[in-house]
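Since every read-out is calculated from the coordinates, none of them should be taken as a lab result. Just so it is clear, the structure is predicted and the values come from calculations on it, not from any experiment. Quick reminder, even Gly has a Cβ in these numbers, built from the backbone with ideal geometry, and neighbours come from all protein chains shown.
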């Protein structure tokens, strides 16, 4: 696994939350919170990253995450270039590495990489010169670290604690990088009661998600939960045999108002988007008073500003 | 219909010119004119929109209008993100609204939307928080308000008045958002003599374009006209049966030098581009001394700067 | 051929290196070198082109050259718009010209054009108003002037001279704009011994590349060479009959360590990228101690900064 820290202990890459310490996560959340502004207020702007260049390498041109990273970088004064590239480790990874070496030679300071193939961000990170950082913008089913941070930040904003919380993660956990990064973050930050609820084919294999409980029915997972994280059905990652029918899935696993009533009255509802409304979540829940789904988006740009500033300016100032 | 004005009377959205008052149109044209510079001079630059974020949502990546809005925003100091998205009101508009709520949560101040489906910009505008503006970049066959403003500005620059002018609109009026917005602007500004000239299948239905005269022959429409607006044959909007053959269309409806001679000697020739040269307009007319087609492009960016500045900075300063 | 210089002798367009004088090339190289920074250092940044607008017109969205031009412009303070357009001289070039006239009317100062059709950059340049510049970003098989400059700069950095050098150009020379621009630059700058080595179908026709020697075997071309420029097999430009099989090509023409040993011990290895590793070049040579391939990339952005600054600010200051 690629080392994420510099020899001085500062954060160089962000590929996964799994190996970060609780103190590092707390530091990133604190910095993220400083970039949060209420809806309608001006977003924070600075020149902290003036003269720096960020390259967004996404396989699709128009994801929300790309826009979030792009605006985060621009609001810190950095220059941004977007590349729509299909990285791939085939052919011994050589042509992929040629592409990233080119960006390095163009004096790019950080590469944000979203890729459908596991291992690509780490492979890139392992080959770049020491002054270049890699931020994962979502890696296959493996990891989505900025999403995990924004989920943790969203929980903390509403609960002001992690200890003692019960969090239910519902849906297609097996194929979800979002679930994995949320689990990494929340468990490290002190959430002891994480519940995984999904039909058998969508639950992760047994040796994953250590410390979480597994639920074959939604009701037991939701019981007195403080937060419910609903996942998107990742149809594109499923073989046909696994693919649940939308209507039948909603009947058994969709988060409705009735089911949400099983959770604590102040439970929050989260979703990483894009939502399949009427499949994994009812529209009135998605738009209801317990939904913090739009907060997650706002927190996402705050987290990305914090991470960019951390990796590009923290060198040498860590203990 | 979505309200375009804030409670204080200032302009929040620009979806259509139809409901704007003459005073509002004149104010926008005056502000637009202040951004006009001659070819070869430096364009105006300011930081009036520093700290603001504009998102361009276009279904195709490379339209002239997208570039015009993008440069208008950047020259006022705003940050711009481009998204290539296919908005659609299907599925009760929910997934479309999730996309725009995401942009709102990212602290985007204005969305420029071009969409092939009528009603989309208004639907979006009706759902966003009060501090977010929507500017139409062209809505189906319905409306193209910045085009209507630039057309009016182009006429005014050359004629220094609207009253007493005769304007001929020629070609595929039925499918044209350009014609509708020009009609809204020019009639409200005082052009009483607006002539629609097209083959029967391309004329609008009878209850549209109130106050305009209809011409089944080009000659009567051009007679002593002060301005001739030639429209693009919108082949992509036509069913096969409607589709005129290019050569035959040119023979009957193409604007040639001979036909242009029927208009006033100082008549101006306009076209919204892209042109089908040799179909709706002869090349020597498009490039001739009476053509103001390139002025329209320059006026377009001036209009978009004016509109962006108006919606993003006028709050509270209107009477 | 379109004139590249203004009446005062300053550089207005950069379409080809063929007609530039040695003094002009040296001036551009000198300016380029001033923008070179070592890997890991901050790239040079200025506001020399503040208020200027550069449009990148590339037929594909994500080429390295587009990113290089985009960052070059941004680091000089210019605004950049990217357009993905398929220019074409069909239909008498009229619709292509309408597109570029539109950009001119939007107060764009320079157009960077990459096109697969020979003659397009020159045709555009010949029609624009005098204050607008065209920079070729690669024109069919004809010309790639910024690549030729970066190749010359790379050679000079390592050899500190041009006179007396032997340069071998190896591979698909017939279809290569890179080879043509390198030949233009290097021969004008004083490299007398330029060797072309390729299988017969990939050698240029006889009346091209005056002054170069032709080699039917790699060994004779490499003998005591100071620099070896390996070209990409341009499979997309070849008809099937011409297309060499990759493995057989590598066996006969691939640059291996053994073959490179025929050149001088301090010979440098160059490649314009993207590389077909294992076809025209062995991976251990591409990544080996004699390779300057990544330097070429860094030099590319320096050259593009120099050229942009030259064409946009040199007016009137040339003798």
Check your understanding: For label points placed 7 Å from Cα toward Cβ, what is the shortest-first list of nm distances from residue C:247 to its copies?
Key -> 5.5, 5.5
Exercise for review: Name the shape class, rounded, prolate or oblate, that the alpha-carbon gyration tensor gives for the protein assembly as shown, where a ≥ b ≥ c are the square roots of its eigenvalues, rounded holds for a/c under 1.5, and otherwise prolate holds if a/b is larger than b/c and oblate otherwise.
Suggested key: oblate
Practice item. Please give the FRET efficiency for residue A:42 paired with residue B:26, using the beta carbon to beta carbon distance and R0 = 41 Å, rounded to the nearest 0.05. Key: 0.85
Practice item. Obtain the nm distance between the two label points defined at residue C:192 and residue B:219 by a simple spin-label model: each point lies 7 Å from its Cα along the Cα-to-C-beta direction. Key: 7.8
Exercise for review: Treat the count of other C-beta atoms within 10 Å as a stand-in for reagent exposure and order B:26, A:139 from fewest to most.
Suggested key: B:26, A:139
Exercise for review: With runs of 4+ DSSP H residues as the only contributors, calculate the mean residue ellipticity of chain B at 222 nm using -39,500 (n - 2.57) per run, divided by the residue total and rounded to the nearest 500.
Suggested key: -10500 deg cm²/dmol
Review point. For the Cα atoms of chain B, what angle does the longest principal axis make with the long axis of helix B:64-75, in degrees from 0 to 90, nearest 10?
Key: 50
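Sort C:69, B:162 so the one with the fewest other Cβ atoms within 10 Å of its own Cβ comes first.
Exposure proxy ranking, most exposed first: B:162, C:69.
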Review point. Anyone know which of B:291, B:105, B:32 comes out most mobile in the 10 Å Cα GNM of chain B?
Key: B:105
Revision key, fill the gap. The FRET efficiency for residue B:116 and residue A:60, from their Cβ-Cβ distance with R0 = 30 Å and rounded to 0.05, is 0.90
Practice item. Along Cα-to-Cβ, 7 Å out, sits the label point; list in nm, shortest first, how far the one on residue B:289 is from those in the other copies. Key: 7.4, 7.4
Review point. Once the Cα atoms of helix C:94-105 and of chain C are each reduced to a long axis, what angle between those two axes, in degrees from 0 to 90 to the nearest 10, is obtained?
Key: 60
**Study point:** Extended-chain gain in nm, criterion 0.36 nm per residue less alpha-carbon gap, residue A:127 and residue A:34
**Key:** 30.2 nm
Revision key, fill the gap. Fewest to most Cβ atoms within 10 Å: A:270, C:229, B:45, C:1 sort as C:1, B:45, A:270, C:229
Study note, to complete from the structure: Rounded to the nearest Å, the spacing of the alpha-carbon centers of the stretch C:118-159 and the stretch B:256-319 is 33
Review point. So what's the angle, to the nearest 10 degrees on a 0 to 90 scale, between helix A:177-189 and the longest Cα principal axis of chain A?
Key: 90
Review point. On full extension of the chain, what length is gained from residue B:86 through residue B:287, given 0.36 nm per residue of separation minus the C-alpha to C-alpha distance?
Key: 68.9 nm
Revision key, fill the gap. With one decimal in nm and the nearest listed first, the spacings from residue A:131 to its own position in the other copies, using label points 7 Å along Cα-to-Cβ, are 3.8, 3.8
